[in-house]
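Below you'll find the structure, written out as structure tokens, and then a few comments.
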Amino acid sequence: MKLTVFGIGYVGLVHAAILAEVGHHVLCIDIDEKKIKNLNAGIIPIFEPGLKPLVLSNYQAGRLKFTTNAHQGVEHSIINFITVGTPTHQNGYADLSHVTSVANTIAKYMNTYKVIIDKSTVPIGTSNAISKIIKRVLKKRNLNTSFDIVSNPEFLQQGGAINDCMHPERIVIGIDNDNDKLIDLLCQLYEPINKNHNRIIFMDRKSAELTKYAANCMLATKISFMNEIANLAEYLGADIEKVRQGIGSDSRIGYDFIYPGCGYGGSCFPKDIRELIRTAELMNYTPRLLKAVEDVNNCQKNKLSYIIQHYFGNDLRGKVFAVWGLAFKPNTDDMREAPSRNLMEALWSAGAIIQAFDPQAMDETQRIYGDRSDLKLMDTKEKALEGADGLVICTEWQNFRAPNFNVIKSALKQPVIFDGRNLYDPELIKKYGFIYYAIGRGESIQTVRSNQRNL
């Protein structure tokens, strides 16, 4: 099939690459000329394991192409995907300007029947708004061209997006009419990744849009719940890792998303929680649980800086901290709403200096913060340790899990580790002579709980 994808960010590029890999001919459209030029030169704008070879091989095979020519994109295919970003606006709500811009563009150039598939995460009811935009533009053009709007949310995990897209657990498709021709076309589109068993779930468009928000908010709820229990464990003198194993063994709960830590971040969970809260309040409904999930996370993202200031005192002038991990999670370079940012900005406010390392997010850190005297981006995790007063871990990268503790101890001025991802066994760390603060275990159980209410 010939397909067009508008918006070559994270979702758009991954989705386009997979569709090309299974045999479709995909034309990718973006207004960013530099991005398109780089993609045509084989330069991938994001880090995602396995994405680069997939893009390059399908580009070389001629199944994946990149252009800024929107007119060409609309003419290329019956099916036009919208995969643009919906970042948080200054007013705190989802910014739909990119979505509406693409809708206007498609309506401007379409002359025959089109299927517009929205994969962007959008507020409930956006598909109806897209339909109204297209009808309005077609009316101005004196055209009565037919079209269908489909809500087809993505459920990709950064760091595992290729597998999620190639082997989805479900393919949610929202349509508002029983159009057999449309259903057959959508089944044909996804047939290559729907062979083993039927993963397609048809529903109405609003239900599909809400499904995306509900999924992300459910996962965020699990994280905040576990962080709440971890904080309680510190008061009680319990070990949250033992508790995690105890509840995770229950098949009704499972082990996924019950790892306590320094909070969730990224482009999805924080934004989607806020947007669903707003949507509920617009309906005059108070979403008490969603608000609690957000409140817990906001506190948790400040927890590491609080523990550090509890240990060293509020005045951190002259103190140097090694920070391992800047991305909001492993296997990505994404730093949007990452806990590392809360940590660094709090420590800077107290006068501290940061020596940071991340396997993938160094360029992104430089882009966000620029050159500043209190931020040093180091080439290795070992160099980040040199002369630091303590080690802080914000991201659970694989190569942080089994370090040489003798090297860490000899490089630090003080043998203290503040672990926001509970990577190490407190008993093992003590044998090396470290003071070890973690989330719901380690030294924090004994020393921080009396002051925890200040969070």
Can you order the peptides 401-412, 62-73 by their average number of other Cβ atoms within 10 Å per residue, highest first? 62-73, 401-412
Would you grab the residues whose amide H sits under 5 Å from the one on residue 356? Only those 5+ places off in sequence or on another chain, please, with H modelled 1.01 Å from N. 323, 376, 377, 378
Rounded to the nearest 500 deg cm²/dmol, what is the calculated helix-only ellipticity per residue at 222 nm for the chain, with -39500 (n - 2.57) per DSSP H run of length n ≥ 4? -13000 deg cm²/dmol
Computed over the chain: longest principal axis from alpha-carbon atoms vs helix 97-109 long axis, angle to nearest 10 degrees, is 20
Along the stretch 384-394, Karplus-curve 3J(HN,Hα) (6.51, -1.76, 1.60; θ = phi - 60°) to the nearest Hz, with x for Gly and Pro, reads 5, 6, 4, x, 7, 7, x, 9, 10, 10, 10
How high is the FRET efficiency between residue 90 and residue 383 when r is their beta carbon distance and R₀ equals 51 Å, given to the nearest 0.05? 0.85
Using amide H atoms built in the peptide plane, which far-off residues or other-chain residues are under 5 Å from residue 200 H to H? 171
So the compactness index of the stretch 141-253, its C-alpha Rg divided by 2.2 N^0.38 Å, takes the value 1.53
Cα-derived Rg to Rh of the stretch 391-430, Kirkwood definition: 0.91
Surface/4 of the Cα convex hull for the stretch 257-303, nm²: 3.4
Please compute the Kirkwood hydrodynamic radius of the stretch 2-203 from all pairs of different C-alpha atoms, in Å with one decimal. 17.2
Relative contact order (%) - the stretch 120-199, alpha-carbon pairs under 8 angstrom, separation at least six: 28
For residue 348, what accessible area in Å² do you get when you roll a 1.4 Å probe over the heavy atoms of the protein chains, rounding to the nearest 10? 30
Difference of contour (0.36 nm per residue) and Cα-Cα distance, residue 146 to residue 178: 10.0 nm
Residue-wise HN-Hα coupling along the stretch 28-42, computed from phi with Karplus coefficients 6.51, -1.76, 1.60 (Hz; x: Gly, Pro): 9, 10, 8, 7, 7, 4, 5, 4, 5, 4, 5, 4, 5, 9, x
Which residues qualify? For residue 337, with a placed amide H closer than 5 Å and at least 5 residues away or on another chain, they are 266
Full extension between residue 56 and residue 97 adds, at 0.36 nm per residue less the Cα distance, a length in nm of 11.7 nm
Spelling out what I want: for every residue of the stretch 279-288, take phi, set θ = phi - 60°, compute 6.51 cos²θ - 1.76 cosθ + 1.60 (Karplus), and round to whole Hz; glycine and proline get x. 4, 4, 5, 5, 8, 6, 10, 8, x, 4
Rounded if a/c is under 1.5, else prolate if a/b is larger than b/c, else oblate: which is the stretch 223-315, with a ≥ b ≥ c the root eigenvalues of its Cα gyration tensor? oblate
Determine how large the accessible area of residue 228 is when every protein chain is in place; take a 1.4 Å probe and give Å² rounded to the nearest 10. 100
Go from 0 up to the bin containing the longest alpha carbon distance in the stretch 215-442, width 10 Å each, and give me the % of pairs per bin. 8, 32, 36, 18, 5, 1
Contact order normalised by residue count of the chain, Cα under 8 Å, 6+ apart, percent: 12
Where does helix 303-312 land angle-wise versus the long Cα axis of the chain, in degrees 0 to 90, nearest 10? 20
Tell me, in nm to one decimal, what length is gained between residue 197 and residue 242 on full extension, where the rule is 0.36 nm per residue of separation less the Cα-Cα distance? 12.5 nm
Return one whole number: the accessible area per residue of the chain in Å², for a 1.4 Å probe. 45
Could you check the simple spin-label distance between residue 348 and residue 314, using points 7 Å along Cα→Cβ, in nm with one decimal? 2.1
For the chain, report the convex hull volume of the alpha-carbon atoms normalised per residue, in Å³, without decimals. 161
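The values are calculated or read from the model by the stated rules, or taken from the named source; none is laboratory data. Everything quoted here is computed from the prediction, not taken from an experiment. In this analysis, Cβ positions are derived from the backbone assuming ideal geometry, glycine residues included, and neighbour counts consider all displayed protein chains. For accessibility, only protein heavy atoms count, side chains too; no ligands or nucleic acids. Shrake-Rupley method; radii C 1.70, N 1.55, O 1.52, S 1.80 Å.
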